[in-house]
Amino acid sequence: MFENMLLGLQALADPALLLAVLIGVVGGVIIGALPGLTSTMGVALLIPVTFSLPPQVGLAMLGGIYCASTYSGAISAILLNIPGTSASVATMLDGHPMAKNGEPGRAISLATFASCFGGLVSIVALLFLAPQLAEFSLRFGSPEYFLLAVFGITVIASMSAGAMEKGLIAGALGLILSTVGTHPLTGTMRFTGGVPTLFDGIPLVVSLIGLYSIPEVIDLIDRAKSTHTGAAGVDKTSPFATLRELARQKFNLFRSSLIGIIVGIIPGVGCSVGGFLAYDAAKKGSNNPEKFGNGAAEGLVASETGNNAVTGGTLIPLLTLGIPGNPVTAVLLGGIMIHGLRPGPELFTTNADVTYGFIFSLFLSNLLFVPVGLLLARYGLRIVQVPAGILAPLILSLAVIGAYSLRSSVDDIWIMLAIGALGWGMAALAVPRAPLVLGLVLGTLAEGELARSLALVRGDLGAFGMQLVTRPVALVILILCVSAIIHGIIQHRRDSKMLE
Amino acid sequence: MTTRTRDLIFAAIALALAVAIAITAFGYPVASSYFPRTLAVLMGLLAAFFGLRTLLAPTDDAAPMSPLNISALIAAFGGIAAYVVALKLVGYEGATFLFLFLLMVWLGAVGWLKALILAVAFTALLNVIFFVMLGVPRPDALLF
Amino acid sequence: MKLFIKKLAAALGFVTLAGMTPAIAEYPEKPITLIVAYSPGGGTDTAARTVAKFVEKHLGQRLVVENKSGAGGQIGFSALARANTDGYEIGFINVPSIQLVKQLRENVPYEMSDFAPIANIQLDPVVVAVNADSPYQTLSELLDAAKADPGAVNIGADGPQSNNQLQLIVAEDALATKFNFIAFDGSGPAIKATLGGELAASLPSASSAGSHVDAGRLRVLGVFADERSPLFPDVPTVSEAAGVKVPSVGASLRGIAAPKGISDAHKARLEKAFADVMADPDFLAHAETAGLPLKYMDAAAFEAYLQEADAALGKYIDLMK
């Protein structure tokens, strides 16, 4: 095994590979930071380019995009309060308040180093534990997925501090919105009004743009028209000073990485869930949970560590079993197969030079996005000082092209606008929006896997119930769900008492 | 508007929305709609409960809220709607330039000359990133 | 205003006509757009981009892939049906998806007669796959289990309303048996559930099952095809194994089509370019390593297949609703 690893390490000496990683990382940082552009799109568009490259060089480039874009969504989340990717929604909850308090530099540095840490730990897991962990991913059947979605939904409690009912209502609405379109098992159309654009459901990326950028822009226009001038200050925090701060959050970093890796190994769950669950765990484990949502560094660090740790995790079932965990890795699988490589144990023996070369290049990608991201952020920080009258039109034009380009569909711009109206209404009525996103992210999983679990036992509710307690993994998640709900109720009681 | 009125408005809208969703959802076959049906009922109950609780709560926290700015709303939604229509008529670059230029001038953060330069520059930048580098197909337009 | 638009359209039409007439001799003189009805990165998109890359040499122009995804292909197929007939807009069509969309939904704004087939590129049959540890060694053992307790054996596949589900329904009809069909979000998740032991069997496409079979995790019991698949030469066809003729209308085809109305000269030029690429050794070698299951049909053969499939589908469509 170590000989094979050495073979992979040698690949790093190839200047072409280093250049490919650099191109991938720079491209990935830009794609991730721009709302509406997804990692999937970036990876897919580069696959034809990688045809003509040697496999490890092409894969290194794709890996660079994947790692860097998962990280860089945090930049726009922190600076603009618009998540660049769905993975950075939890980051925004505390990242943007930090920027508003005049510390955008500190927030971005923390996010960058936390992402790097989470990414690196997950690649270590990929390097040493891939075959052992891969078997775990097969133990997830439909009942387990359904319970996992339920567990994810309990995180709503952490996302709606002080407004529990509103958060729950928003979460329910998000889950309902996720059912728009074709039923995953029966194929019946729901809530589409016969509009073909809605047959596949409301695209998550388009709703994120609408939900966050439209209210933000209205706020900016409001500020531009009133004489109110109160541009936030920009701190001069040295990125390296934040390293010491991170060192004090060792436990948070490791816990979040672990959560991210586990979420990554389970195919079909995704980066954003890793961020949400790590955020939730950090809040529950924190000594000052009341700071969460108002610029708590712990929350930001947890979310970013968690979502980047997912990247290495998703590669474990991909490389060992050929099972992609999310759209990006599905595209990556195509990129691997097109070179004639077949996922499985032989990938780590016969093709060890390519596989280990790829894995080692991921270490490089995770390290390289740190300077690239920090450099971009150094100039990007000034965005918060751009006059609202300029920033608002720019964000709107970006929102429009971002919504359009996902499926090159003008109809998606209208969907974005409609969701934008919803987002504005929620912001005006002080309703937390993160639960709605959580509902949108998990709704299809919850509905589809519930229906599938029932179909597998031919609709026998009793048999389904038995499965939840007799399958070991299901039982563990069930216990987690129950304890999360009890914890939520206790917390809610405590909060209401404090108000009285 | 006080936080109390605000919460009551929210409860009313959420309840109305839940009822509308429930009516639609109960029109679909059970096998394809038990999930949204359950959620719509749950959402309605939560909204009703929240509304009642707000209504019955002591009204001491009557802190006034900042008023809504209607012109900002119209500018954002009307602006994008006009932008999309223009997009279909005169093509991406023309519509984007017009949208950026007019909105910047109206917002008055910069003079018209600076707005002109910024609008041209940003239109060109978006064009390069999305159509040239990322290969996104351009939206069809009637005139160009 | 209406008059103005009419005049404008006429003027524009005139301009394109005027621009086209002298160009016929040297068509194509600019890049051709290839409309793909699925999103970047999927199987269809990868196939399209691969073909696009290799056909450039034979066409003398670039083929630019344009993804118009959504509504299970409906948006892209509709766009192709309404595309320009000047020869610079062609598309990838997926059979039988394009017909399933048309026949299962209402108000689908295209007819099969809106398309002029040019060449078929790929044919990917549906296979019956079980976990390598499965007690079912042959297809007849699996069928016996299904007949012993109709509707009790769990079988999963991409769905709903997919070519895989169509193939199952056709097979159930021909073999007079019944499975408990469970739809998954693609062949990949159905295979994963088979590996995890949740399903007795799954019906993935041959190409997606291939690598799992090579790795010894899946066993293929039968291929829904008229002849054995080069991917699994030792595996019988379902008709062979079951002793009953099972039509293979569920096989997924991917081919090139132009909107009806394209000039014969342009169509012939395109047909030649795609015929050439399908015989190009570089392309064939690449398809081999990448695991793309090629199957060339010329325009006439492809058109004939489409009509046959359309008719065959009519018999089963009610069973799918």
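Using the Cα gyration tensor of segment C:128-208, with a ≥ b ≥ c the square roots of its eigenvalues, what is the shape: rounded (a/c below 1.5), prolate (a/b larger than b/c) or oblate (neither)? Please list the in-between numbers first.
Numbers: a/c = 1.70, a/b = 1.14, b/c = 1.49.
Here segment C:128-208 falls in the oblate category.
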Report summary line: Filtering chain A for DSSP H helices with an axial alpha carbon extent of at least 24 Å and a Kyte-Doolittle mean of at least -1.0 returns A:15-33, A:55-80, A:104-138, A:204-225, A:297-321, A:352-380, A:388-407, A:411-428, A:434-456, A:472-499
Report task. Set the Förster distance to 60 Å, then compute FRET efficiency between A:I486 and C:T85 from the Cβ-Cβ distance, nearest 0.05. Result -> 0.35
Requested in this report: Give the peptides A:293-305, C:100-112, A:266-278, A:141-153 in descending order of average Cβ contacts within 10 Å, highest first.
Outcome: A:266-278, A:293-305, A:141-153, C:100-112
Report task. Evaluate peptide A:163-174: per residue, the Cβ atoms of other protein chains within 10 Å of its Cβ; return the mean as an integer. Result -> 6
Query raised in the report: Tell me: how much accessible area in total is hidden between B and A, 1.4 Å probe, Å², nearest 100?
Result: 5300
Report task. With all protein chains present, calculate the accessible area of A:L478 using a 1.4 Å probe and round the result to the nearest 10 Å². Result -> 50
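On average, how many beta carbons from a partner chain sit within 10 Å of the beta carbon of a residue in C:71-81?
Mean shielding count: 3.
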Query raised in the report: How large is the convex hull of the Cα atoms of segment B:3-61 per residue, expressed in Å³ as a whole number?
Result: 53
Query raised in the report: How big is the Cα convex hull of segment C:186-321 in projection, averaged over all directions, in nm²?
Result: 10.8
Query raised in the report: About the Cα centre of chain C, what is the dipole size in debye to 20, counting +1 per Lys and Arg Cβ and -1 per Asp and Glu Cβ, all else neutral?
Result: 1040
Report summary line: The equivalent-ellipsoid semi-axes of chain C, taken as the square roots of five times the Cα gyration tensor eigenvalues and listed largest first in whole Å, are 40, 21, 16
Report summary line: Classified through the alpha carbon gyration tensor (a ≥ b ≥ c as square roots of its eigenvalues; rounded if a/c is under 1.5, else prolate when a/b is larger than b/c, else oblate), chain A comes out rounded
Report summary line: Phi-derived 3J(HN,Hα) across segment C:39-55 with the Karplus relation (6.51, -1.76, 1.60, θ = phi - 60°), rounded Hz, x for Gly and Pro, is 6, x, x, x, x, 5, 5, 4, 4, 4, 5, 5, 4, 4, 5, 7, 7
Requested in this report: For A:R248, put the label point 7 Å out on the Cα→Cβ axis and report which residues of segment A:294-329 keep their amide N under 12 Å from it.
Outcome: A:297-298
Requested in this report: Note the angle between two axes, namely the Cα long axis of helix C:2-20 and the longest principal axis of the Cα atoms of chain C, as a number of degrees from 0 to 90, rounded to the nearest 10.
Outcome: 90
Query raised in the report: Say each of C:E227 and B:L142 gets a label point 7 Å from the Cα, pointing the same way as Cα to Cβ; how far apart are those two points in nm?
Result: 5.5
Requested in this report: Please report, in Å, the Rg and the Dmax of segment B:70-133, where both are computed over Cα atoms only.
Outcome: 12.2, 38
Query raised in the report: Which one of B:L102, B:L15, B:Y83 has its Cα pushed farthest toward the positive end of the charge dipole of segment B:12-144, where Lys and Arg give +1 and Asp and Glu give -1 at the Cβ?
Result: B:Y83
Query - Cα-Cα over 22 Å, subset of C:K30/C:K272; C:K30/C:K57; A:K250/A:K283; C:K68/C:K192; B:K88/C:K260; C:K192/C:K245 - result: C:K68/C:K192; B:K88/C:K260; C:K192/C:K245
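Classify segment A:103-182: rounded, prolate or oblate, from the alpha-carbon gyration tensor (a ≥ b ≥ c, eigenvalue square roots; a/c under 1.5 rounded; otherwise prolate if a/b is larger than b/c)?
It is oblate, given that a/c is not under 1.5 and a/b is not larger than b/c.
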Query raised in the report: If the viscosity is 0.692 mPa s and the temperature 37 °C, what translational diffusion coefficient in µm²/s does Stokes-Einstein give for segment A:156-263 when Rh comes from Kirkwood over Cα pairs?
Result: 173
Query raised in the report: Counting DSSP beta bridges in the protein assembly as shown, what percent are antiparallel, to the nearest 5?
Result: 60
Query raised in the report: Using unit Cβ charges (K, R positive; D, E negative) and no other charged atoms, how large, in debye to the nearest 20, is the dipole of segment A:2-499 about its Cα centre?
Result: 860
Query raised in the report: How long is chain B along each principal axis, judged by its Cα atoms, biggest number first, in Å?
Result: 57, 47, 24
Report summary line: The FRET efficiency for A:L461 and C:E111, from their Cβ-Cβ distance with R0 = 30 Å and rounded to 0.05, is 0.10
Query raised in the report: Summed for both chains, how many Å² of accessible area, to the nearest 100, are buried between C and A with a 1.4 Å probe?
Result: 3200
Query raised in the report: Taking each residue of B:45-54 in turn, how many C-beta atoms of other protein chains fall within 10 Å of its C-beta, and what is the average?
Result: 3
Requested in this report: For chain C, find the longest principal axis of its Cα atoms and tell me its angle to the long axis of helix C:163-175, 0 to 90°, nearest 10.
Outcome: 50
Report task. Write down the percent of antiparallel bridges among all DSSP beta bridges whose residues are both part of chain C, to the nearest 5. Result -> 60
Query raised in the report: So which residues in segment A:396-434 end up with at least 50 square angstrom less accessible surface once the other protein chains are there, compared with the chain by itself, probe 1.4 angstrom?
Result: A:L396, A:S397, A:V400, A:I401, A:Y404, A:R407, A:S408, A:V410, A:W414, A:L417, A:W424, A:L429
Report task. With a 10 Å radius around each residue's Cβ, average the other Cβ atoms per peptide and rank A:248-256, B:108-116, highest first. Result -> A:248-256, B:108-116
Requested in this report: Would you kindly state how much longer the chain becomes between A:L375 and A:N101 on full extension, computed as 0.36 nm times their sequence separation minus their alpha carbon distance, in nm to one decimal?
Outcome: 96.5 nm
Query raised in the report: When the distances between all Cα atoms of the protein assembly as shown are binned every 10 Å from zero, what whole-number percent does each bin get?
Result: 2, 11, 21, 25, 22, 13, 5, 1, 0
Query raised in the report: Measuring with a 1.4 Å probe in the full set of protein chains, what accessible area per residue, in whole Å², belongs to segment C:180-315?
Result: 40
Requested in this report: Compute the FRET efficiency between B:T5 and A:L475 as 1/(1 + (r/R0)^6), taking r as their Cβ-Cβ distance and R0 = 56 Å, and round to the nearest 0.05.
Outcome: 0.75
Report summary line: Longest principal axis of chain C (C-alpha) makes with the long axis of helix C:264-277 (C-alpha) an angle, in degrees to the nearest 10, of 50
Query raised in the report: Highest mean first, what order results for C:229-236, A:94-101, B:135-142 on Cβ atoms within 10 Å?
Result: A:94-101, B:135-142, C:229-236
Requested in this report: Determine the share of segment B:70-133's accessible area contributed by carbon and sulfur atoms, expressed in whole percent, with a 1.4 angstrom probe.
Outcome: 83
Query raised in the report: Once you put a point 7 Å from the Cα of C:A148 and another 7 Å from the Cα of C:D214, both along the Cβ direction, what distance in nm separates them?
Result: 3.5
**Report entry** Separation of the A:E135 and A:R493 label points, Cα + 7 Å toward Cβ, nm
**Finding:** 4.3
Report task. Would you mind telling me the share, in percent, of accessible area of segment C:55-131 contributed by carbon and sulfur at probe 1.4 angstrom? Result -> 41
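The values are calculated or read from the model by the stated rules, or taken from the named source; none is laboratory data. This is a predicted model, so every value here is computed, not measured. When we count neighbours, we look across all protein chains shown, and the Cβ atoms used for this are built from the backbone with ideal geometry, even at glycine. For the accessible areas, the whole protein counts, side chains as well, though only heavy atoms, and no ligand, DNA or RNA atoms are used. Shrake-Rupley method; radii C 1.70, N 1.55, O 1.52, S 1.80 Å.
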